[in-house]
Amino acid sequence: MAVYTFAFIAYAVDVARRSGSKPVAAEARVLVGAGAPVESAAPAAPVAPAAAKPGRGARIGYVLTVLAWILHVAGDVLRGLSAGRVPWANMYEFALTGVAVIVGVFVLSRLWRDLNFLGVFITGLATVFLGLATVNFYVAPTPLPPALQSYWLVIHVFVATLATGFFALGSGLSILQLIKERRDSGFLRSLPSPVQLEDLAYRVGVIGFICWTFTLIAGAVWAEHAWGRYWGWDTKEVWTFVIWVIYAGYVHARATRGWRGSRSAWLQLIGFAAILFNYSVVNLFFKGLHAYSGL
């Protein structure tokens, strides 16, 4: 958490530096015919600074994020070794592993596209979530309940955390999209356009939706093995399906109904809010067969 905090500070310093940069005027050029008089060019509109690449603060932030992630994964692995099982059998462990997956998706996304502009969001989210989980949900390693003693624990829950990682990345992109649509000054000038942010959010959202679809199906198969039925309207099952419906609507509406812009971004954020509700409120305040997912 300390290293994530230093990474957050480094990213925040980079954001502040880029927020203070001034737009520069593009050089105006006028095409004229041979022998024609040269006309005075009208002043060009300001454009974003050429140095929109990540600055020193962002580079330091990324290095610190990678270091924090390595320490984080090591702690997660040691938790599993201490318990003698995979480390995602309760709320504390799911938070520990889930945040590691979220940061891992961000770190490895650099192989696909530079998303350093999400550094403040990702490192801040990691610090806050780990802090809340450590203070409120920490429990000592305990043996697995009978229903969890299955290879489906490895498959079902890990794919769910992977989906959550992609959804978190998509929600960060959607937040920036909504902000940039309303204001395009300071740090925001160095970001991709709202359309590009929306396309990126949609791509990672589709990957998350595919993983969540598998999570829903695998959960039903596991339920049949553990309890003798595929579906029982348990609160956790219902909310898993609700989240799937929200993201299915998001993918369908944007692909076939032309839902673009802020409507698309809000659907993405509503889906991620449902995931947070499922993890927190459903686990803590609703009873059901998934009670072991709480404390």
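The values are calculated or read from the model by the stated rules, or taken from the named source; none is laboratory data. Predicted model only: the values in this text are computed from it and were never measured. Neighbour counts run over all protein chains shown; Cβ positions are idealised from the backbone, glycine included. What goes into the accessible areas is simple: the full protein's heavy atoms, side chains included, and nothing from ligands, DNA or RNA. Shrake-Rupley method; radii C 1.70, N 1.55, O 1.52, S 1.80 Å.
Which is among the hydroxyl-bearing types (S, T, Y), on the phi < 0 side of the Ramachandran plot and open to solvent by 50 Å² or more (accessible area, probe 1.4 Å), of T127, T123, T142? Give the steps one after another, and end with the answer.
Values: T127 fails: open to solvent by 50 Å² or more (accessible area, probe 1.4 Å); T123 fails: open to solvent by 50 Å² or more (accessible area, probe 1.4 Å).
Matching residue, one of T127, T123, T142: T142.
For segment 209-237, what are the residues that are closer than 17 Å to G271 by Cβ, of a type in the set (A, V, I, L, M) and at pLDDT below 95?
L216 - this is the single residue of segment 209-237 that is closer than 17 Å to G271 by Cβ, of a type in the set (A, V, I, L, M) and at pLDDT below 95.
Being in contact (Cβ under 8 Å) with a residue 12 or more places away in the chain and either farther than 23 Å from L148 by Cβ or surrounded by 12 or more Cβ atoms within 10 Å (Cβ to Cβ) (or both) is the filter here; which residues of segment 68-84 pass it?
Matches in segment 68-84: A68, W69, L71, H72, V73, G75, D76, R79, A83.
For segment 78-98, name all the residues that are among the β-branched types (V, I, T) and modelled with pLDDT of 90 or more. Before you say what the answer is, go through the steps one by one.
Of the residues in segment 78-98, the ones among the β-branched types (V, I, T) are 86, 97.
Within segment 78-98, T97 is the sole residue that qualifies.
Out of (1) touching an Asp or Glu at 6+ places or on another chain (Cβ under 9 Å); (2) open to solvent by 40 Å² or more (accessible area, probe 1.4 Å), the odd one out for V154 is which?
So the condition that V154 fails would be (1).
From (1) closer than 26 Å to S19 by Cβ; (2) in contact (Cβ under 8 Å) with a residue 12 or more places away in the chain, pick out the condition that doesn't hold for S150.
Here S150 meets the rest and fails (1).
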